[in-house]
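Working notes, structure below.
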Amino acid sequence: MKRLLMIAYHFPPLAGSSGIQRTLRLVQQLPQFGWQPLVLTVRPEAYERCSDDMLADVPAGTVVKRSFALDASRDLAIKGRYIGALARPDRWMSWRWFGVGDAMRLIREHKADAIWSTYPIASAHSIGAAVQARSGLPWVADFRDPMAQPDYPPDPITRQKFLDIEARIAAQAALMTFTTPSALRDYQGRYSAAASRMALLENGYDEGSFAGAENQPRRALNDDALTLLHSGIVYPWERDPTQLMAAMRLLLDRGVLQPGKPARNIKLRFRASVHDDLIQRLAAEHGVSAHVETLPPVGYKDALAEMLNADGLMLLQADNCNAQIPAKAYEYLRAGRPIFCLTDRAGDTAAVLRKAGVQSQFQLNEAEDIARGLSLFLDEQARQRELCADAAGVAQASRLARTREFAAMLDGLVKR
């Protein structure tokens with residue numbers, strides 16, 4: 001059995017991030033394809049919020065080293081202020097002080113064959129680069145999101161740090177993997193000399209998690225309305241719900257939404273949005289508060305069960321994220337419910353849903369277009385025809401298929 005050192009900030013018991021899923025499912029599934037993971041992550045004290053609900057998903061016997069790390073904005077701040085250098089490239093840069101040494105000990109003790117690190121967090125790649133230079137092992141740098149972008153990070157010094165890390169990755173990594181076609185093309189253009197060492201490795205859904213969720217009883221989320229569920233964070237700039245609220249107001253004014261008639265009424269449920277205040281304020285401003293719910297986080301399997309019970313699943317993705325696909329998109333596909341996608345039709349999110357059979361998407365920044373989509377959602381036949389994925393599209397999106405593909409990539413690197 002070959003061994004892979006996996007460097008990842010997002011790992012149980014961290015709560016509130018879908019970024020856990022890519023690493024966790026690789027840890028579960030790679031042994032089926034001849035690779036034993038060795039995980040380097042941070043101590044739970046470094047996380048903003050913890051939950052034990054996915055700790056049981058870490059296979060028994062998995063080697064997990066939790067390095068000391070501090071959150072600069074919390075642990076190194078005095079009266080809410082802290083030294084900027086202690087938060088570059090990110091708030092957990094102190095992880096590198098301890099992580100590199102811990103990683104080298106893991107490599108020596110367990111005779112690792114390759115290294116893998118995943119962004120976000122940027123410090124994971126910083127550790128990966130240092131460990132690769134010291135060990136000489138082949139290194140895979142995984143990008144769940146693009147790093148340096150024209151307007152991100154907004155701080156120019158931090159953005160330069162990101163660019164420096166990217167340049168080092170392009171020079172050292174045996175392979176760079178990306179979750180979307182646009183991100184892959186962007187980086188191939190940005191670092192053309194390394195283009196042949198870049199590959200697409202999409203996200204997916206975990207069938208085992210859904211098997212547990214499907215054992216829970218089915219019930220309507222609301223008896224007085226069709227429920228459109230958004231599960232996860234609503235970022236104010238990247239998933240702005242302003243025009244969605246305006247569209248709900250339009251449908252109320254036109255009599256399309258009819259409170260008191262469940263089949264002609266819609267309730268928007270936001271689960272674990274993080275920005276409940278924003279959602280509630282927008283709902284109040286547009287006079288649609290009675291049609292909006294904001295609810296606290298639940299465990300992962302409970303969140304999947306809620307998806308299975310929703311009348312529809314709502315995906316928000318602005319055009320400034322056209323090169324990104326939310327990890328929840330694949331879980332939505334597996335849930336088998338209609339997907340109400342508010343995004344730019346030219347982006348990768350819209351493309352992956354169309355490929356899976358979801359034919360209609362609507363512009364997140366256009367209230368009239370959203371209103372048209374909501375009207376379609378109220379028509380049961382149209383909802384099933386236009387917004388549901390087909391079986392073939394769902395099957396192609398499983399994480400097990402992605403893990404098999406990744407293991408083949410690793411085998412190729414070790415042979416070379």
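Any read-out appearing in this document is the output of simple, stated calculations on the displayed coordinates, not a laboratory observation. Keep in mind that this is a model prediction, so the values were computed, not measured. Cβ coordinates were reconstructed from backbone atoms using ideal geometry, including for glycine residues, and neighbour counts include every protein chain displayed.
Remarks
- Comparing Cα centroids, region 8-65 and region 248-322 end up 31 angstrom apart.
- Over all other residues within a Cβ to Cβ distance under 10 Å of residue 203, the charged ones net out to +4, with Lys and Arg as +1 and Asp and Glu as -1.
- Region 208-395 shape via C-alpha gyration tensor axes, a/c threshold 1.5: rounded
- Of the chymotrypsin sites (Phe, Trp or Tyr not before Pro) found in region 167-268, the ones in coil according to DSSP and having at most 10 other Cβ atoms within 10 Å of their Cβ are 237.
- Listed residue pairs exceeding 21 Å between alpha carbons, taken from 65/161; 2/415; 111/161: 65/161; 111/161
- Footprinting exposure proxy ranking of 343, 242, 158, 118, fewest other C-beta atoms within 10 angstrom first, gives 242, 158, 118, 343.
- A simple spin-label model places the labels of residue 51 and residue 253 3.8 nm from each other, with each point 7 Å out along Cα-to-Cβ.
- Sorting 267, 79 from the fewest to the most surrounding beta carbons within 10 angstrom yields 79, 267.
- Amide H contacts of residue 67: 41, 42, 43, each under 5 Å away and 5 or more positions distant or on a separate chain (H built 1.01 Å from N in the peptide plane; Pro and chain starts excluded).
- Rounded, prolate or oblate (a/c below 1.5 giving rounded, otherwise prolate when a/b exceeds b/c) for region 186-316 by Cα gyration tensor: oblate
- Label-point separation, residue 395 to residue 171 (7 Å along Cα→Cβ), nm: 4.7
- If you take all other residues with their beta carbon under 14 Å from the beta carbon of residue 376, and give Lys and Arg +1 and Asp and Glu -1, the sum is -2.
- Taking a ≥ b ≥ c as the square roots of the eigenvalues of the Cα gyration tensor, region 215-284 is classed as oblate, since a/c reaches at least 1.5 and a/b does not exceed b/c.
- Summed over qualifying helices (DSSP H, 4 residues or more, each -39500 (n - 2.57)) and divided by its residue number, the chain shows a 222 nm mean residue ellipticity of -12000 deg cm²/dmol.
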